[in-house]
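K.L.:
For reference, the structure I am asking about is given below.
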């Protein structure tokens, strides 16, 4: 950022960039446009529950996707920083001075009404206002959106309720990763799947079969085949109980496509609806019959 250019800043973890986050970010962007300033989002890498519990919860959106969503809301600059390197890991006064006032030259800081920051979780909006008076920035708050939180979305995903998760997110939940070689059983059955290797701590829905979409996402230094293409997909999450002893996987069959060469390609899998739980079938024929039914259900739900 230019040394003399002031900005409107919003701060948070923004994991999921859900409907509640979007209200805050959109207000920050609106204030920036009204004042002719840049809109900046400071997004911390790890979810805020890690501060309180010491455990790392599953991540709804990785740094690249989070920045993409925030930019899509009109933010001019996204500053993604490691957990502990910013507000959650330093004293409130230090953060207000070194980050907000000096580095970002904040004129206005827009946050949710329940915002807390710094080493002490009691450092809230009122503390931020006092620091704003000290370091010459205004503070504006946005009302909390009831029943919408990253924690609640993770809880829905644990049960496989991807439709409820989508209502809170404002879009289908997605996981991303690189397609790797698996056991190729889907290909042998006539339904070749993309076996997606997801990053550690990714929030993956409960084991089961889902309807959704498979999309190729361009990422630097990876093959750009089928860039931007998106297909309806039947998705399997789990260990595949009919074929014992395999690790938990996310596999997606792009409907009516047996010609795709996706190894090494970065893809996104989006979840529209849960079709059923995982079942152990007594025969390959019974499994194939069920896959046909899953494909048709997927076709109806994604058309």
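K.L.:
How much mean residue ellipticity at 222 nm does the chain get from its helices, if each DSSP H run of length 4 or more adds -39500 (n - 2.57) and you divide by all residues, to the nearest 500 deg cm²/dmol? Don't skip to the answer; put the middle values down first.
P.N.:
On the way: 8 runs with 84 residues, N = 303.
Roughly -8500 deg cm²/dmol at 222 nm, from the helical runs in the chain.
K.L.:
Would you please classify the overall shape of segment 191-272 from the alpha carbon gyration tensor, given that a ≥ b ≥ c denote the square roots of the eigenvalues, rounded means a/c under 1.5, and beyond that prolate means a/b larger than b/c while oblate covers the rest? Working shown, then result.
P.N.:
On the way: a/c = 1.69, a/b = 1.41, b/c = 1.20.
Judged from the Cα gyration tensor, segment 191-272 comes out prolate (a/c at least 1.5, a/b above b/c).
K.L.:
Kirkwood hydrodynamic radius of the chain from all distinct Cα pairs, in Å? Don't skip to the end; give the middle numbers.
P.N.:
Numbers: mean 1/r = 0.0479 Å⁻¹.
Computed over the chain, the radius equals 20.9 Å.
K.L.:
Taking the alpha-carbon centroid of each part, what is the distance from segment 201-274 to segment 108-170 in angstrom?
P.N.:
Here the answer is 31 Å between Cα centres.
K.L.:
Pop a pseudo-label 7 angstrom from the Cα along the beta-carbon direction at both residue 23 and residue 258 and give the gap in nm to one decimal.
P.N.:
5.0
K.L.:
Here is a further query. I need the calculated FRET efficiency for the pair residue 33 and residue 283, taking r as the beta carbon distance and R₀ as 51 Å, to the nearest 0.05. Mind showing how you got there, number by number?
P.N.:
On the way: r = 62 Å, r/R0 = 1.22.
Working from the Cβ atoms, E equals 0.25.
K.L.:
Going by alpha carbons, how many degrees (0 to 90, nearest 10) lie between the helix axis of 19-35 and the longest principal axis of the chain?
P.N.:
Its long axis makes an angle of about 40 degrees.
K.L.:
Here's another thing I want to ask about it. In what order do 138, 270 fall by count of nearby beta-carbon atoms within 10 Å, going from fewest to most? Don't skip to the end; give the middle numbers.
P.N.:
Details: 138 14, 270 23.
Going from least to most buried by this count: 138, 270.
Computed from the coordinates by the stated procedures, all read-outs in this text should not be read as laboratory data. This structure is a prediction, so every number in the text was calculated from the model and none was measured. Cβ coordinates were reconstructed from backbone atoms using ideal geometry, including for glycine residues, and neighbour counts include every protein chain displayed.
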